[in-house]
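Trainee: Handing you a structure now.
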Amino acid sequence: MTSPSFETSLTIRRLKRLVMLLVFLCLVMGGFCGYLLHAMDRDYNAMVQRSITAMNLLHKLTKSSLGTQRAVLAGLVGGQLDNREEIVKSIGRSLADGRDARQELRLSGALDGPPNGFTAIESDARDYEAAVAEYLKLLAADKIDEANLVRHDKARVALNQYLDSIEKASHQLEADGLQAGEDYSDEVHRNSAVVLGLAGLPALFVAVIGATVLAVIAMMWVVLRRSGGVEEGP
């Protein structure tokens, strides 16, 4: 038959192992929670970077379209037909820059969410490019008056619509970014509370086990004293 002191020692060793296990679980839980918060932060930063890239591309679209329009005007102001080749090249470069920017914008996926601002931008850009192509065709045929009408009645209207779509997309992108920031803050707050609660459970268990250990030791001490296992003091 085992002695009470042996049983007490065995119980204490088991409790020590349990406490060590709970401490280990606490560390693991803390590491997992840290990884979870880091992943959330990484996703949010990626979204912010996409938004910044999209805003820069929208600025590039505005710049290229205005550059195209300046080149269109240059072909009609002061009869500068001697510079026709340079004007055509300038328009071609501006249109190519706009197409490249739209391609990058499409690949970024920053405007894919509803409302799909990229679809409107692409549609209006094609209308504007068609008007400019018609203008260039008339300019090449020396039909200056007709080219001027196309510039005023088609190209200018299409440009305004194109710029309006770019502006709307910029506003929508900004609003989406602000909303995403608020949602991210709320989600971090909620998840932090949950994470801290879960991470605190092992610590709570450790405290409960510690209190239990003390209670068991006290009870064993009382039992030993009553059974005469511990000598009484003088």
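Derivation of every value follows stated rules applied to the coordinates shown; laboratory data play no part. Note that the structure is a prediction, hence the values are computed from the model and not measured. Virtual Cβ from ideal backbone geometry, glycine too; neighbours counted across all protein chains shown.
Trainee: Per residue of segment 31-37, what does 6.51 cos²θ - 1.76 cosθ + 1.60 with θ = phi - 60° give for ³J(HN,Hα)? Whole Hz please, x for Gly and Pro, Karplus curve as stated.
Mentor: x, 5, 5, x, 5, 4, 5
Trainee: Suppose each label sits 7 Å from its Cα in the direction of the beta carbon; what would the residue 86-residue 186 distance come out to in nanometres?
Mentor: For residue 86 paired with residue 186, the spin-label model returns 5.7 nm.
Trainee: Once fully extended, how much extra length lies between residue 144 and residue 45, figured as 0.36 nm per residue of separation less the alpha-carbon to alpha-carbon distance?
Mentor: 30.5 nm
Trainee: Leaving out same-chain residues fewer than 8 places away, which aspartates and glutamates sit with a Cα under 18 Å from that of residue 137?
Mentor: Counting by Cα, and skipping residues close in sequence, residue 137 has these aspartates and glutamates nearby: 82, 85, 86, 127, 129, 145, 146, 153.
Trainee: May I ask which of 63/89; 60/168; 60/143; 63/143 have a Cα-Cα span longer than 20 Å here?
Mentor: With Cα atoms farther than 20 Å apart: 60/143; 63/143.
Trainee: Under a straight-distance cross-link criterion of Cα-Cα below 15 Å, which aspartates and glutamates are reachable from residue 16, leaving out those fewer than 8 residues away in the same chain?
Mentor: Cross-link targets: 7.
Trainee: What is the spin-label model distance, in nm, from residue 137 to residue 21 if the labels are put 7 Å beyond Cα along the C-beta direction?
Mentor: Label at residue 137, label at residue 21, 8.2 nm between them.
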